[in-house]
Amino acid sequence: MNNSNIELIDLILNGSMSSRLFLELREKQGLVYSIMTDVANFEEAGIYYLVTSFEPKTEKITGRWLSNTF
């Protein structure tokens, strides 16, 4: 996958407060305080990562949702 494809996916998932991740996990389910994704590109590789903050009591359901989604 090239960089522009990953950046487009990132824009859809994490582009703003109307992003799919924010709307689903914060607004709809109330599982997280914040959620963001980002891309780190290197010469021959890269990484796509997600950072979130949540209450300990929502850890399992949040982790399960993210595992099923990604």
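The values are calculated or read from the model by the stated rules, or taken from the named source; none is laboratory data. In this text the structure is predicted, and so the values were computed from the model without any measurement. Please note: Cβ atoms are built from the backbone with ideal geometry, for glycine as well, and neighbour counts cover all protein chains shown. All accessible areas refer to the heavy atoms of the entire protein, side chains included, with ligands and DNA or RNA removed. Shrake-Rupley method; radii C 1.70, N 1.55, O 1.52, S 1.80 Å.
Which one is right for this structure if Cα Rg over 2.2 N^0.38 Å is calculated from it: (1) 1.17; (2) 1.39; (3) 1.01?
(1)
Step through the residues of region 28-45 one at a time and calculate ³J(HN,Hα) from phi using the Karplus curve (6.51 cos²θ - 1.76 cosθ + 1.60, θ = phi - 60°), rounding each to whole Hz and writing x for Gly and Pro.
7, 9, x, 8, 10, 7, 8, 8, 8, 10, 7, 10, 10, 9, 10, 4, 10, 7
So, taking all protein chains as they sit and a 1.4 Å probe, how much accessible area belongs to Ile61, in Å² rounded to tens?
80 Å²
May I ask for the net charge around Ile9, where only other residues with Cβ less than 15 Å from the Cβ of Ile9 are counted and Lys, Arg are +1 while Asp, Glu are -1?
-2
How far is helix 59-69 tilted off the main Cα axis of the chain, in degrees rounded to 10, range 0 to 90?
Approximately 40 degrees, to the nearest 10.
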